[in-house]
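J.: Sharing a structure, written as structure tokens. Questions coming.
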Ligand SMILES: Cc1cc2nc3c(=O)[nH]c(=O)nc-3n(C[C@H](O)[C@H](O)[C@H](O)COP(=O)(O)OP(=O)(O)OC[C@H]3O[C@@H](n4cnc5c(N)ncnc54)[C@H](O)[C@@H]3O)c2cc1C
């Protein structure tokens, strides 16, 4: 019987395992799917490689973690310079939007700059009320022009949640440029925003799943795949995990699976169950297209705030790494967020693929005659949505699991907007604080 059981074999579970392995601890990872990787799984079909959990690139403010990830990949990596745009009223505007004001029609450029400057001084002179929700935060930091032209429509579209009902816990990740950059951008002097992501890494071959696959390499005997958990309960000082592969006993459980699933396996007080059920998230559909076109464009990815277009972001995996498509072909990965049970969820796979092709051809981004490959995936848990009750609910949940003695680590287990680097850091910190 293992000493420690890790629930889930995505990046967080595999990184926990990697560090426990290094500490020579006795552990077992339980993964319900036949393949590990979670949101970072990639499919390889007909010479194309697509990341099914949406566009993934490797970047981090934290150089140590970045080195860890690139180290895992060894030579199998490529460094790219971001070439990202926003498709605004048929124009390609440099990303982030506030760094691309000169790409707007002159009158709209002026509106954005004028409101930005007025808001800046009103804020400095303390004439503006502090923002209490995400919508107010956008007006407070960027002014009416940039907010109403881009930030508000785009954020409504990606979150599928009203920004006025979202809290500020996560907003530090939205890029906030200095005023000089906005003036330069408006005049057409080149500036870059979100600079720690300007250069990004990506696996040369195999897609983003290469990271989780390499993490698996040294711990294959400590992973049980296709393992369905049925129940978790405490027996004296041991945990008993009932699974489709039999009962397992252990001293310690660390969960990286969504809180909703973990709660289903346990006896939980009503207050905690309600707090979990009140957490908000959205889901994701990815539409993958292969095209018989050797070089579709030179873009990394493209944001589409227009609400009449289903997708909010399309990326071009063959531009991340040439091996992502066969010779003479390019690839497109379209992302569509939705809520369980909404009108998008009710569309069939065929309808969504056809709509995506129609939308992207209508925008002139692809020629539908060139399409030679289509695939679609639905991912239930994609983005954590920080609603106004988030902090209250998450504290109830954290306190409960702390008292119970089950560790929480990972994107939908900690229920935080964690990118790959943050998952790795969280797993490393957890091991350091509990096992080293
Ligand atoms: C659209 C999108 C784009 C992203 N882009 C980037 C990016 O560009 N750069 C970046 O750094 N990060 C990006 N991320 C974030 C990145 O995908 C996550 O940080 C990371 O994959 C989370 O790993 P995890 O192990 O915490 O969770 P998951 O990947 O969700 O892993 C959970 C694992 O648990 C398993 N599991 C679930 N339920 C059970 C159960 N009941 N029993 C057993 N096993 C179970 C799952 O199958 C899965 O393997 C993106 C995420 C999304 C959604």
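J.: In this structure, does residue 308 turn out to be under 13 Å from residue 330 (Cβ atoms) and not in a helix (DSSP H, G or I)? Show your work before the answer.
T.: Values: under 13 Å from residue 330 (Cβ atoms): no; not in a helix (DSSP H, G or I): yes.
Considered against the rule, which asks whether it is under 13 Å from residue 330 (Cβ atoms) and not in a helix (DSSP H, G or I), residue 308 comes out as no.
J.: A follow-up question, please. Taking only the range 206-222 into account, find how many residues are over 19 Å from residue 428 (Cβ atoms) and either buried (at least 19 other Cβ atoms within 10 Å of the Cβ) or at pLDDT below 95 (or both). I'd like the intermediate steps shown before the answer.
T.: Initially, the range 206-222 is screened for residues over 19 Å from residue 428 (Cβ atoms), giving 206-210, 213, 220-221.
Remaining after also requiring either buried (at least 19 other Cβ atoms within 10 Å of the Cβ) or at pLDDT below 95 (or both): 207-210, 213.
Matching residues across the range 206-222 total 5.
J.: OK, next. I'd like to verify a number: residues in the range 96-134 that are surrounded by fewer than 22 Cβ atoms within 10 Å (Cβ to Cβ) and in contact with a strand residue (DSSP E or B) (Cβ under 7 Å, 6 or more places away or on another chain), how many?
T.: 2
J.: Now for a different question. State which residue is surrounded by the most Cβ atoms within 10 Å (Cβ to Cβ) when the search covers only the range 252-271 and only residues that are away from the ligand (no atom under 11 Å from the Cβ) and either closer than 12 Å to residue 8 by Cβ or under 22 Å from the mean Cα position of the chain (by Cα) (or both).
T.: First, the residues of the range 252-271 that are away from the ligand (no atom under 11 Å from the Cβ): 252-254, 266-271.
Then keep just the ones that are either closer than 12 Å to residue 8 by Cβ or under 22 Å from the mean Cα position of the chain (by Cα) (or both); that gives 253-254.
Values: 253: 21, 254: 26.
In this case the residue turns out to be 254.
J.: A further question follows. Name, by its number, the condition in (1) in contact with a strand residue (DSSP E or B) (Cβ under 7 Å, 6 or more places away or on another chain); (2) without any contact (Cβ under 8 Å) to a residue 60 or more places away in the chain; (3) not in a helix (DSSP H, G or I) that does not hold for residue 337.
T.: That leaves (2) as the condition not met.
J.: In this structure, is residue 13 touching a helix residue (DSSP H, G or I) at 6+ places or on another chain (Cβ under 6 Å), near the ligand (Cβ under 6 Å from one of its atoms) and not in a strand (DSSP E or B)? Steps first, please.
T.: Details: touching a helix residue (DSSP H, G or I) at 6+ places or on another chain (Cβ under 6 Å): no; near the ligand (Cβ under 6 Å from one of its atoms): yes; not in a strand (DSSP E or B): yes.
So residue 13 fails the test.
J.: I would also like to ask the following. Restricting the first residue to the range 182-204 and requiring it to be free of Cβ contacts under 8 Å to residues at least 40 places away in the same chain, which pairs with a second residue that is part of a loop (DSSP other than H, G, I, E, B) meet a Cβ separation below 7 Å and a spacing of at least six or different chains?
T.: Partner pairs satisfying both residue conditions: 184/191.
J.: In the range 52-87, which residues are more than 18 Å from residue 422 (Cβ to Cβ) and in contact with a helix residue (DSSP H, G or I) (Cβ under 7 Å, 6 or more places away or on another chain)? Full working, then the answer.
T.: From the range 52-87, those more than 18 Å from residue 422 (Cβ to Cβ) are 52, 73-87; that's our starting set.
If the condition is that a residue be more than 18 Å from residue 422 (Cβ to Cβ) and in contact with a helix residue (DSSP H, G or I) (Cβ under 7 Å, 6 or more places away or on another chain), then 73, 76, 77, 80, 82, 86 are the ones that fit.
J.: In the range 172-179, is there at least one residue being closer than 30 Å to residue 4 by Cβ, more than 16 Å from the ligand (Cβ to nearest atom) and either under 25 Å from the mean Cα position of the chain (by Cα) or part of a helix (DSSP H, G or I) (or both)? Walk me through how you get there before you give the answer.
T.: Filtering the range 172-179 for residues closer than 30 Å to residue 4 by Cβ gives none.
For the range 172-179, residues closer than 30 Å to residue 4 by Cβ, more than 16 Å from the ligand (Cβ to nearest atom) and either under 25 Å from the mean Cα position of the chain (by Cα) or part of a helix (DSSP H, G or I) (or both): absent.
J.: May I ask you to list the residues in the range 17-32 that are under 24 Å from residue 380 (Cβ atoms) and either loosely packed, with under 15 Cβ neighbours inside 10 Å or more than 8 Å from the ligand (Cβ to nearest atom) (or both)? Even if it seems obvious, please write down each step before you answer.
T.: The initial filter retains those residues of the range 17-32 that are under 24 Å from residue 380 (Cβ atoms), namely 17, 29-32.
Of everything in the range 17-32, those that are under 24 Å from residue 380 (Cβ atoms) and either loosely packed, with under 15 Cβ neighbours inside 10 Å or more than 8 Å from the ligand (Cβ to nearest atom) (or both) turn out to be 17, 29.
J.: Can you find even one residue in the range 138-147 that is under 30 Å from residue 378 (Cβ atoms) and without any contact (Cβ under 8 Å) to a residue 60 or more places away in the chain? Working first, answer last.
T.: Taking the range 138-147 as the starting set, the residues that turn out to be under 30 Å from residue 378 (Cβ atoms) are 138.
After this cut, where a residue has to be without any contact (Cβ under 8 Å) to a residue 60 or more places away in the chain as well, the list is 138.
Among the residues of the range 138-147, at least one is under 30 Å from residue 378 (Cβ atoms) and without any contact (Cβ under 8 Å) to a residue 60 or more places away in the chain, which makes the answer yes.
Residues are listed down the side, and each one gets a yes or a no for (1) away from the ligand (no atom under 16 Å from the Cβ); (2) surrounded by fewer than 20 Cβ atoms within 10 Å (Cβ to Cβ); (3) part of a strand (DSSP E or B); (4) without any contact (Cβ under 8 Å) to a residue 40 or more places away in the chain:
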{"position": "384", "(1), (2), (3), (4)": "no, no, yes, no"}
{"position": "395", "(1), (2), (3), (4)": "yes, yes, no, yes"}
{"position": "399", "(1), (2), (3), (4)": "yes, yes, no, yes"}
{"position": "403", "(1), (2), (3), (4)": "yes, yes, no, yes"}
{"position": "413", "(1), (2), (3), (4)": "no, no, no, no"}
{"position": "417", "(1), (2), (3), (4)": "no, yes, no, no"}
{"position": "424", "(1), (2), (3), (4)": "no, no, no, no"}
{"position": "429", "(1), (2), (3), (4)": "no, yes, no, yes"}
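J.: Of the residues that make up the range 65-81, is at least one within 12 Å of the ligand (Cβ to nearest atom) and part of a loop (DSSP other than H, G, I, E, B)?
T.: Looking through the range 65-81, none of the residues is within 12 Å of the ligand (Cβ to nearest atom) and part of a loop (DSSP other than H, G, I, E, B).
The values are calculated or read from the model by the stated rules, or taken from the named source; none is laboratory data. Here the structure is a predicted model, which means the values were calculated and not measured. Cβ atoms come from the backbone with ideal geometry, glycine included; neighbour counts cover every protein chain shown.
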